[in-house]
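What follows is a single structure, written as structure tokens, with notes after it.
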């Protein structure tokens with residue numbers, strides 16, 4: 001559904017019959033009340049992008065005003081959640097490393113009860129002093145610290161992240177060029193899963209062995225998305 005909304009918004013070719021059908025589908029979609037917790041960064045970013053597009057496509061007449069208001073509330077909540085809890089830079093990494101656990105008050109700093117010992121060793125080597133990124137996922141007691149190219153790029157293109165965070169993401173790409181771009185660009189995720197973690201997450205999937213397909217594989221076609229992000233930072237405009 002997110003992809004359909006994005007395509008419709010970019011094409012700008014909606015006739016009245018299709019709009020009525022799409023409007024009914026979108027109402028049903030909102031009725032499902034998709035939450036903002038526990039989803040991978042790609043899904044979060046696409047959902048945010050779709051909400052922004054839907055807001056521009058909906059007309060305030062009739063029921064449109066009500067849905068526009070609901071969309072605005074969701075956009076506000078989602079952007080705060082991603083910018084606050086998915087963001088990782090050197091400062092935030094140090095904060096997480098010093099988290100106290102089992103905090104249950106509304107004043108708790110460790111909102112998701114993340115165990116500091118669960119931070120993978122590779123993160124400390126990967127995180128530069130200059131730069132940052134949106135991690136793969138956040139859920140109770142667990143954070144997926146992997147870098148996901150599409151999620152971070154779409155977050156920049158849709159203005160899901162702040163301008164400072166967008167700059168930091170591109171700074172990280174520059175600082176870790178050999179890891180994320182390399183000789184055979186462009187890594188869809190980093191690092192690749194291997195060993196016990198690969199067996200646990202993929203279920204021994206032979207298509208997703210280390211550095212293949214979705215498990216850290218090279219996707220040269222994604223260069224256009226990275227280039228678009230660079231263009232946004234140069235011009236100061238967003239989609």
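Residue count for the stretch 153-162, restricted to those that are over 20 Å from residue 219 (Cα atoms) and crowded, with 20+ Cβ neighbours inside 10 Å: 3.
Within the stretch 77-122, the residues that satisfy the criterion of being assigned to a loop (DSSP other than H, G, I, E, B) and over 28 Å from residue 194 (Cα atoms) are 100, 101, 102, 103, 104, 105, 106, 107, 108, 109, 110, 111. Of 196, 224, all but one fail to be free of Cβ contacts under 8 Å to residues at least 12 places away in the same chain and within 16 Å of residue 156 (Cβ to Cβ); the exception is 224.
You will find that of 83, 44, 56, the residue that is closer than 21 Å to residue 150 by Cβ, in contact (Cβ under 8 Å) with a residue 24 or more places away in the chain, touching a helix residue (DSSP H, G or I) at 6+ places or on another chain (Cβ under 9 Å) and surrounded by fewer than 17 Cβ atoms within 10 Å (Cβ to Cβ) is 83 and no other. When residue 181 is tested against (1) touching a residue at least 24 places away in the same chain (Cβ under 8 Å); (2) under 14 Å from residue 153 (Cβ atoms); (3) crowded, with 16+ Cβ neighbours inside 10 Å, just one condition goes unmet, and that condition is (1). Screening 165, 230 for residues that are surrounded by 15 or more Cβ atoms within 10 Å (Cβ to Cβ), in contact with a helix residue (DSSP H, G or I) (Cβ under 9 Å, 6 or more places away or on another chain), in contact (Cβ under 8 Å) with a residue 24 or more places away in the chain and part of a helix (DSSP H, G or I) leaves exactly one candidate, 165. Of the residues making up the stretch 193-208, none is touching a strand residue (DSSP E or B) at 6+ places or on another chain (Cβ under 6 Å), under 16 Å from residue 151 (Cα atoms) and not in a loop (DSSP other than H, G, I, E, B). Does residue 159 qualify as being closer than 27 Å to residue 50 by Cα and part of a loop (DSSP other than H, G, I, E, B)? Considered against the rule, which asks whether it is closer than 27 Å to residue 50 by Cα and part of a loop (DSSP other than H, G, I, E, B), residue 159 comes out as yes.
Of 74, 98, 70, all but one fail to be at pLDDT 90 or above and over 20 Å from residue 139 (Cβ atoms); the exception is 98.
For the condition under 22 Å from the mean Cα position of the chain (by Cα), without any contact (Cβ under 8 Å) to a residue 60 or more places away in the chain and surrounded by 14 or more Cβ atoms within 10 Å (Cβ to Cβ), residue 176 qualifies.
The values are calculated or read from the model by the stated rules, or taken from the named source; none is laboratory data. Bear in mind that the values here come from a model prediction, so they are computed numbers and not experimental data. Heads up, the Cβs are rebuilt from the backbone with ideal geometry, glycines too, and the neighbour counts pull from every protein chain shown.
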